[in-house]
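Student: My questions all concern the structure below.
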Amino acid sequence: MPISVRLLLACALCGALSLSRADAPGPLIPLADQAPAPDFALTDVDGRTWRLADYRGRVLIINFWATWCPPCRAEMPSMQRVQAHLARDGIALVAISVGDDARAIRAFLAEVPVTFPLPMDPDSRIARRYPMIGLPTTFVVDRAGRLVYSLTGQQDWDDPAFLEQIRALR
């Protein structure tokens, strides 16, 4: 296929994605099927186990990220800033590290200290169960345990529209 046709198709796809996103009520994209969130039980660098079941009845934000992913690293400070506000609203945040080991996460935490859970998915076993195409990807799980929103790419977590969408699920 000629390069001009490929570029035209790529532009059309980007435009279609922009239009579908513009129709959304905020930065998060509603998920039509609202399937149950795939279960997980993962440990963090300190050996603590984090389970999806521990969050039943609460709104949960699940962010998939990796230490080697520049956009993932870039959004972590804004995630940390809003985490305390969300916790006061009864909303939990878990950032699942995909493909990293404890050494890589400890090195990351030395540079970017965060206080929310960072469970590890070293073999991507859990990440593959979620409908995502890249990192970072964020999902919002409602109080009934269903995936209701998603977002692929770096997010400004301080964005009021983003926070409003999440808080509306309380």
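Student: Starting from the amide H of Y149, placed 1.01 Å from N in the peptide plane, find each other amide H under 5 Å away whose residue is 5 or more places distant or on another chain.
Tutor: Correct list: L31, V140.
Student: Given a 1.4 angstrom probe, what's the average accessible area per residue across the chain, in square angstrom?
Tutor: The answer is 52 Å² per residue.
Student: At each listed q (0.16, 0.19, 0.23 Å⁻¹), what is the log10 of I(q)/I(0) that the Debye formula gives for the range 60-170 modelled as equal alpha-carbon point scatterers?
Tutor: Log10 I(q)/I(0), no solvent term: -0.68, -0.98, -1.44.
Student: Continuing with the same structure: So, taking all protein chains as they sit and a 1.4 Å probe, how much accessible area belongs to R58, in Å² rounded to tens?
Tutor: 90 Å²
Student: Is it possible to state the helix-based mean residue ellipticity at 222 nm for the chain, with each DSSP H run of 4+ residues giving -39500 (n - 2.57), the sum divided by total residues, to the nearest 500 deg cm²/dmol? What is it?
Tutor: -11000 deg cm²/dmol
Student: Same structure again: Contour minus end-to-end for A168 and R88, with contour as 0.36 nm per residue of separation and end-to-end as the Cα-Cα distance?
Tutor: 27.4 nm
Student: Grab the beta carbon distance between I133 and D156, set R0 = 22 Å, and tell me the FRET efficiency rounded to 0.05.
Tutor: According to the calculation, E is roughly 0.60.
Student: Quick one: with all protein chains in place, what share of the accessible area of the range 129-170 is carbon or sulfur, to the nearest percent (1.4 Å probe)? Walk me through the numbers on the way to the answer.
Tutor: Values: 920 of 1980 Å².
Carbon-and-sulfur percentage of accessible area, whole number: 47.
Student: Computed FRET efficiency, Cβ-Cβ of D142 and T115, R0 25 Å: what is it to the nearest 0.05?
Tutor: The formula returns an efficiency of 0.55 here.
Student: How much length, in nm to one decimal, is gained on full extension between A102 and A32, taken as 0.36 nm per residue of separation minus their Cα-Cα distance? Before the final figure, lay out the partial values.
Tutor: Numbers: separation 70, 0.36 × 70 = 25.20 nm, distance 3.55 nm.
Value of the extension gain: 21.7 nm.
Student: Now for a separate question. Applying the Karplus parametrisation 6.51 cos²θ - 1.76 cosθ + 1.60 with θ = phi - 60° to the phi angles of the range 83-88, what ³J(HN,Hα) value in whole Hz is obtained for each residue in order, glycine and proline being reported as x?
Tutor: 4, 5, 5, 5, 4, 4
The values are calculated or read from the model by the stated rules, or taken from the named source; none is laboratory data. Every value quoted in this text rests on a predicted model; they were computed, and no experiment measured them. Reconstructed Cβ throughout: ideal geometry from the backbone, glycine too, with neighbour counts over all protein chains shown. For the accessible areas, the whole protein counts, side chains as well, though only heavy atoms, and no ligand, DNA or RNA atoms are used. Shrake-Rupley method; radii C 1.70, N 1.55, O 1.52, S 1.80 Å.
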